[in-house]
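Novice: Sharing a structure here in structure tokens format.
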Amino acid sequence: SFPTKISEYLSLGIPIITNPYNLDVIKIIEQNKIGILIDFHKLEINNDLKKYLEIKNNYPKISKECVLYCKNNLSLDVGVEKYIQVYKKAFI
């Protein structure tokens, strides 16, 4: 569930399984379908297993989506551009 680990795995094309610990993680995973959210306090074995099998059966496609998400949202170039935009707003 550590953000740096999430980005590391996604950048390698590995979908993640994590708990829905904050709105950012929920949004990223649900909107991009690049992992599984499991509430570790309320395990629903049948439902969670179905989610896992869906990823396993569609792994090549989901793996590509993970890498694409990182390139479009978490790359150094994207980060630099976001910082530039923040500073431009602050000084304009």
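Novice: Of I55, V86, T4, which is farthest on the positive side of the dipole of the chain, counting Cα position, with +1 on Lys and Arg Cβ, -1 on Asp and Glu Cβ, and the Cα centre as origin?
Specialist: Sorting the options by dipole projection puts first V86.
Novice: Can you give me the angle between helix 45-57 and the longest principal axis of the chain, using Cα atoms only, in degrees from 0 to 90, rounded to the nearest 10?
Specialist: Roughly 60 degrees, rounded to the nearest 10.
Novice: List, in the order given, every pair from K27/K50; K5/K88; K42/K64; K5/K82; K56/K82; K27/K61 whose Cα-Cα distance in the structure shown is over 24 Å.
Specialist: Too far apart for the 24 Å limit: K5/K88; K42/K64; K56/K82.
Novice: Could you pull out every residue, at least 5 positions away or on a different chain, whose amide H is within less than 5 Å of the one on G35? Hs are placed 1.01 Å off N in the peptide plane, and Pro or chain starts have none.
Specialist: Those qualifying (amide H under 5 Å, at least 5 residues apart or on another chain) are I16.
Novice: Between I84 and I36, with labels modelled 7 Å along Cα→Cβ, what's the label distance in nm to one decimal, could you check?
Specialist: Once both label points are built, they end up 4.0 nm from each other.
Novice: Given R₀ = 41 Å, what would the calculated FRET efficiency be for D48 paired with I92, taking r from the Cβ atoms and rounding to 0.05?
Specialist: FRET efficiency, D48 to I92: 0.30.
Novice: Working from Cα positions, state the angle (0 to 90°, nearest 10) between the long axis of helix 59-73 and the longest principal axis of the chain.
Specialist: Orientation of helix 59-73: about 20 degrees from the principal axis.
Novice: So, one more: Explain nothing, just the number: dipole magnitude of the chain about its Cα centre with +1 on each Lys and Arg Cβ and -1 on each Asp and Glu Cβ, in debye rounded to the nearest 20.
Specialist: 180
Novice: What nm distance separates the two modelled labels at I26 and D77, each placed 7 Å from Cα along Cα→Cβ?
Specialist: With each label placed 7 Å out from Cα toward Cβ, I get 3.3 nm.
Novice: I would also like to ask the following. To the nearest 10 degrees, how steeply does helix 23-32 sit against the main Cα axis of the chain, on a 0 to 90 scale?
Specialist: Between the helix axis and the principal axis of the chain, the angle is about 70 degrees.
Where a number appears in this text, it was derived from the coordinates with a stated rule and is not lab data. Quick caveat, the model's predicted, so the values are computed rather than measured. Note: ideal-geometry Cβ built from the backbone for every residue, glycine included; neighbour counts use all protein chains shown.
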